[in-house]
Amino acid sequence: MDVQFIDELAANGRTPLHDALPWVKIAASATLLAASIAARTPSAAAAAAAAVVMFASASRNQLRHAVAMALYPVFFAGLFALSWIRSNPLLALTVVIRSFSAGLVAATLITTTPFVDVFAAISRVMPAIVSDALFMAYRSFFILVDELQDLLRAVRLRGGAGRSIMEQLRTYGQVLGVVILHSADMTERMYRVMIVRGYSQRIQSAREWPPPRPLDYLLIAYAMTVLGLVLALR
Amino acid sequence: MSHLHIPDGLIPLPWILAGIGLTVLLVCVALRALSMRDRARVVPRIATLSALMLLAMGLPIPVLGYHLNLTVLTGMIAGPAEGFIAALVVNLILALTAHGGITVVGLNALIGGLEVCLGWLLWRSCRRVFRRPFAAAAIATVVALLISTTAMLGIVAGTRINPDLALHRHSHAELAEHTEPADDHEHAELEEPADHEHAPGSDVGSLKAFAAIVYSAGAVGWAVEALVVGSIAEFITKSRPDMLDPGSGRRV
């Protein structure tokens with residue numbers, strides 16, 4: 001999982017899906033997710049998957065990245081399905097297809113919508129501590145990832161993490177230990193900054209979205225139609 | 001892997017809602033436990049620990065297809081209240097990046113939260129028994145991950161997502177009504193797992209096969225996680241022993 005790369009795709013992409021309003025994409029994604037999960041037969045699941053691929057293809061050349069991300073839940077679903085493959089291959093197949101569709105919906109949403117916009121929507125239904133931690137965790141990740149990369153580079157320049165897997169894992173443990181110590185100092189700095197800025201129980205989001213355009217209505221209509229068709233196939 | 005992310009499309013709706021409900025309840029308990037603390041201190045700590053968990057997942061581990069989680073270490077450092085919220089934050093971000101399902105965020109957070117709580121509890125116990133922090137942390141990690149994996153298997157068993165049950169019900173019904181039951185399975189609609197009648201024999205057989213896969217693949221992951229967490233605990237104990245002090249009064 002490369003959060004940096006995902007952020008890059010979401011922030012700098014120029015596709016029709018990037019132009020759509022975040023809340024519209026979230027609503028359309030939720031509807032397509034419901035359609036993916038509601039499919040009960042392999043054919044219905046395949047139809048939902050095809051509809052999701054159509055939706056995702058609006059992100060043009062980013063589609064392959066979203067598909068690659070969607071293969072991760074397929075691996076886990078495959079693991080669950082493995083024990084059923086002989087007793088009920090159809091259900092195993094349905095489960096795997098459903099997980100692909102659901103994964104592709106999430107991957108498409110997050111590669112075409114900046115995290116901040118998605119978090120802004122999530123934070124409306126979350127307690128302040130959770131939503132604030134979500135925002136700050138995302139920000140902290142990018143600070144810490146740079147530090148980790150520097151440390152790993154230093155380890156490589158000094159001859160690598162070790163020959164055996166045991167040595168390598170111990171080295172990784174020590175590298176992470178250094179990052180954790182630095183993160184404790186970073187936490188203290190963040191605390192002081194929050195006090196100075198007058199943090200009062202919640203980080204306020206000042207995000208305002210323009211009114212929906214035809215593309216936004218089209219996305220919602222498409223997602224609703226797919227859900228309706230999948231429900232009809234049940 | 002040491003930790004299974006339950007994907008979307010696998011768990012029936014009542015279990016999804018139960019997972020979300022229980023997670024909301026536990027978040028309320030955690031928030032109540034944290035209500036007396038300075039929020040400006042709590043939020044950055046949860047955020048940093050969440051970021052560290054995400055960071056560890058991206059570390060290139062030399063065992064195929066495996067990534068670290070650091071949920072147990074989070075419990076050791078932050079305690080159950082902050083740790084549980086950190087686990088929820090990580091699962092929310094993971095769900096959005098297709099690492100674990102969106103609808104099963106509640107269940108995945110419960111499993112992650114269980115690892116956090118067990119990590120906190122076992123670290124406190126093991127630290128009294130073992131002199132070396134490496135051993136205490138490694139044992140706490142293996143036991144916590146073993147229990148959380150078993151809990152995940154419990155969820156799978158509880159949701160009765162075993163298709164054998166559906167097959168048996170269909171075949172009995174078809175045998176009673178038709179004379180050519182053999183190929184009708186393919187035309188039968190696949191019912192939601194939760195709707196299936198219970199057939200204990202086949203259920204146990206299929207779950208055993210699944211458990212064998214999960215435990216055998218998981219054991220390698222637990223060993224990797226234990227080695228890394230043990231190394232981190234040893235390193236931190238030498239440099240900043242207060243961070244992992246099991247007797248610290250601030251943890252809830």
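Data for the structure
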read-out: Buried accessible area, chains B and A (both chains, 1.4 Å probe, Å² to nearest 100); value: 7200 Å²
read-out: Selection of trypsin sites (Lys or Arg not before Pro), segment A:1-44, meeting DSSP coil and at most 10 other Cβ within 10 Å; value: A:Arg14
read-out: Charge-dipole axis of chain A as Lys and Arg at +1 and Asp and Glu at -1 on Cβ define it, positive-most pick from A:Ala38, A:Ala28, A:Pro89; value: A:Pro89
read-out: Candidates A:Ala58, A:Ala107, A:Ala133: whichever shows maximal mean-square fluctuation once chain A is modelled as a Gaussian network with Cα springs under 10 Å; value: A:Ala133
read-out: Part-to-part distance (alpha-carbon centres) for segment A:1-73 and segment A:152-208, which is given in Å; value: 31 Å
read-out: Crossing angle, helix A:3-12 versus chain A [Cα axis fit, 0-90 degrees, rounded to tens]; value: 60 degrees
read-out: Share of carbon and sulfur in the accessible heavy-atom surface of chain A [1.4 Å probe, %]; value: 62 percent
read-out: Ordering of A:209-217, B:127-135, A:62-70 by packing [mean C-beta count within 10 Å, highest first]; value: A:62-70, B:127-135, A:209-217
read-out: Spacing of the two label points (7 Å from each Cα toward its C-beta) at A:Gln201 and A:Ser164, in nm; value: 5.7 nm
read-out: Between helix A:89-112 and chain A: long-axis angle, C-alpha atoms, 0 to 90°, nearest 10; value: 60 degrees
read-out: Debye, to nearest 20: dipole size of segment B:1-95, +1 on Lys, Arg Cβ, -1 on Asp, Glu Cβ; value: 300 debye
read-out: Value at 222 nm in deg cm²/dmol, rounded to 500, when DSSP H runs of n ≥ 4 in chain A each add -39,500 (n - 2.57); value: -26500 deg cm²/dmol
read-out: Under-5 Å amide H pairs with B:Ile102, H placed in peptide plane, nonlocal only; value: B:Asp8
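The values are calculated or read from the model by the stated rules, or taken from the named source; none is laboratory data. None of the values given here were measured: they were computed from a predicted structure. Positions of Cβ are backbone-derived with ideal geometry, glycine not excepted, and every protein chain shown enters the neighbour counts. All accessible areas refer to the heavy atoms of the entire protein, side chains included, with ligands and DNA or RNA removed. Shrake-Rupley method; radii C 1.70, N 1.55, O 1.52, S 1.80 Å.
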